[in-house]
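A short reminder: the numbers here are calculations on the coordinates, not readings from a lab. Predicted model, so just to flag it, every value in this text is computed and none were measured. Note that we place each Cβ from the backbone using ideal geometry, even for glycine, and neighbour counts take in every protein chain shown.
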Amino acid sequence: MNKSASVKVYHGYGHTNDMVVYGHVFRFKAKTTQKFSDSLFVNILHLLKLFVVKPYPFVKVKLTFNGQEVYHRTEYDGFFKFEWKALEEVKAGWHTVQIVALDEQDQEIAAGIGKIFVPHITQYAFISDIDDTIMVSHSATIRKRLRELFIKNPRTRKTFKDLHQHYTALSLAHTEVNQPNPFFYVSSSEWNLYDYLLETFRFYKLPEGAFLLNQIKRWEDLVKTGKTGHEGKLIRVMRILDVFPNQKFVFFGDNSQKDPAIYTAIVEKYPKNIEAVYIRNVRKDREKETKALLARITAQNVSTCFFNSSEEAMLHSRSIGLIVE
């Protein structure tokens, strides 16, 4: 086994007929154990390390799931995506999957373990943006965005007031505690930030979910973080809907960048699959544009909420029956 190589597996999702899991294989990845410090130097160093990676392109990878084996190869940037049909019915809940990187003699180079979430088909599912929807990120201004990333660590990043209560209530609405509603977190942030975001979400006790992020970047592209991939975000959201054609979805986003336009396009394509669309108002100069897009969504008989605080959004969720006391 190559001790410098590694396999990173991200949370996957699916059901018996369509299972999906993503990940990366790296020739080298800087050690990124987080020290939760108030030191600016420590936080900057940690963030830089997240972007010190050397992908392993076109290497063979083997997935093992419930005794089933599936083979694939990584792309030029070390990224892999497995999409397969399970041989047996997969129960709702979290399931373990193993990914192994192999050389041309099928000898193991490195291995990683991940989780796949299978929801109950009767449950609501929630797709949420991250930056400026969940976390205060100042996405529209690169200087302020980088300041948030460099100065803060995952446990000092700010989430919006009352958001934890809202998302927690949604995760448990119309279901049992041991069968929470699924959450998908879709962002233009890069896969480099996966562990960073996961730590933030777990620290603030937000619902566990699958992350779908943007193409990995090297350290020299750090200043471009979160500024590309909006078209890919549209495709990632549509892919989730295709995997769960019988599920009702609720979208959360903000008007700092492209969420209103992306969600409008999706609702007009899948109006029967969308229960509601929530847009956080973080750009007052885009209120008129945002309201015009939400009017198009409302015309598809989909409920909308243009809100300034999570408390407002929570009241709306109660009013349309998404949250029941």
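Counting only Cβ charges, +1 for Lys and Arg and -1 for Asp and Glu, the dipole size of the chain around its Cα centre is about 1020 debye. A simple charge model with +1 on the Cβ of Lys and Arg, -1 on the Cβ of Asp and Glu and nothing else charged puts the dipole of segment 6-118 at about 480 debye relative to its Cα centre.
Based solely on its DSSP helices, what 222 nm [θ] is calculated for the chain when runs of n ≥ 4 H residues each add -39,500 (n - 2.57) and the sum is averaged over all residues, nearest 500 deg cm²/dmol?
Values: 8 runs with 88 residues, N = 325.
Estimated from H runs of four or more residues: -8000 deg cm²/dmol.
Fewest first, what order do Tyr124, Tyr167 take by the number of other Cβ atoms within 10 Å? If you can, show how the numbers build up before the last one.
Numbers: Tyr124 19, Tyr167 26.
Listed from fewest to most nearby Cβ atoms, that is Tyr124, Tyr167.
For the chain, the percent of C-alpha pairs falling in each 20 Å distance bin, counted from 0 to the bin holding the largest distance, reads 31, 59, 10, 0. Among Ile134, Ile151, Ile240, the order by Cβ neighbours within 10 angstrom, fewest to most, reads Ile151, Ile240, Ile134.
Evaluated with a Cβ-only charge set (Lys, Arg +1; Asp, Glu -1), segment 228-325 carries a dipole of roughly 240 debye about its Cα centre, given to the nearest 20. Taking 0.36 nm per residue of separation and subtracting the Cα-Cα distance, full extension of the segment from Lys54 to Glu75 would add 6.3 nm. The local environment of Ala173, defined by Cβ-Cβ distances under 13 Å, has a net charge of -1 under the rule Lys, Arg +1 and Asp, Glu -1. Taking the longest Cα principal axis of the chain as reference, the axis of helix 310-319 is set at about 70 degrees.
Using the number of other C-beta atoms within 10 angstrom as an exposure proxy, rank Trp84, Trp94, Trp191 with the fewest first. Kindly include the intermediate steps, with their values, before the conclusion.
Details: Trp84 16, Trp94 11, Trp191 24.
In order of increasing Cβ crowding within 10 Å: Trp94, Trp84, Trp191.
Close amide H pairs (under 5 Å, H built 1.01 Å from N) link Phe252 with Ile127, Ser128, Asp129, Tyr278, residues at least 5 positions away or on another chain. In this structure, Leu87 and Asn246 have a Cβ-Cβ separation that, at R0 = 22 Å, corresponds to a calculated FRET efficiency of about 0.50. When the C-alpha to C-alpha distance is required to be over 29 Å, the pairs from Lys115/Lys233; Lys158/Lys269; Lys85/Lys272 that qualify are Lys158/Lys269. When the chain is treated as a GNM, springs tying every alpha-carbon pair under 10 Å, which of Tyr76, Tyr196, Tyr204 comes out with the largest mean-square fluctuation? Largest GNM mean-square fluctuation: Tyr76. A straight Cα-to-Cα reach below 16 Å connects Lys161 with the lysines Lys205, residues fewer than 8 places away in its own chain not being considered. Which FRET efficiency, nearest 0.05, do Glu289 and Arg147 yield, Cβ-Cβ r, R0 22 Å? Approximately 0.25, to the nearest 0.05.
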